[in-house]
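Nothing in this text is a laboratory measurement; each read-out follows from the coordinates by a stated rule. Model, not experiment: these values are computed from the prediction. Heads up, the Cβs are rebuilt from the backbone with ideal geometry, glycines too, and the neighbour counts pull from every protein chain shown.
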Amino acid sequence: MTFVITENCINCKYTDCVDVCPVDCFHEGPNMLVIDPDECIDCTLCEPECPVNAIYSEDEVPEEQQTFIQLNAELANQWPVITEVKSPLPDAEEWNDKPDKLTLLKKEW
Ligand code: SF4
Ligand code: F3S
């Protein structure tokens, strides 16, 4: 079992989640983080830390966000590990809960 970061992280990237992870399984892209499913130990600590509720247990990912399970695994292999909290993206508050953010995901640094 792993935890998964979903669409609402895109263009927000608060990074509060990073602070509580005991095994450094967060990886950073330009406008989103993902969790490495091979590293996550299912401790549950990160889920309540996200101010925009973007983190779900793998078995509770909403139907329309299922694609993020694979995306987390794939992008964790490409993006660098992030272990320290940083400032959210500049317009994070405005982007919270905006629909269809997947099209805005930046995969390349
Ligand atoms: Fe890290 Fe625990 Fe969250 Fe997995 S559930 S990403 S181990 S904080
Ligand atoms: Fe993203 Fe929430 Fe972490 S916005 S960076 S999953 S705290």
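Expressed as a rounded percentage, what relative contact order does region 4-70 have, with Cα pairs under 8 Å and six or more residues apart?
Relative contact order for region 4-70 comes out at 43 percent.
Once both labels are modelled 7 Å past Cα along the beta-carbon direction, what's the residue 78-residue 43 spacing in nm?
Those two pseudo-labels are separated by 2.8 nm.
How much space per residue, in cubic angstrom, does the convex hull of the C-alpha atoms of the chain take up?
Given the Cα convex hull of the chain, per-residue volume reads 89 Å³.
Can you give me the convex hull volume of the Cα atoms of region 1-61, divided per residue and expressed in Å³?
That works out to 69 Å³ per residue.
Considering the options 22, 62, 40, tell which one lies farthest towards the positive end of the dipole of region 12-64, charges being +1 on Lys and Arg and -1 on Asp and Glu at the Cβ, about the Cα centre.
Checked the options; the winner is 22.
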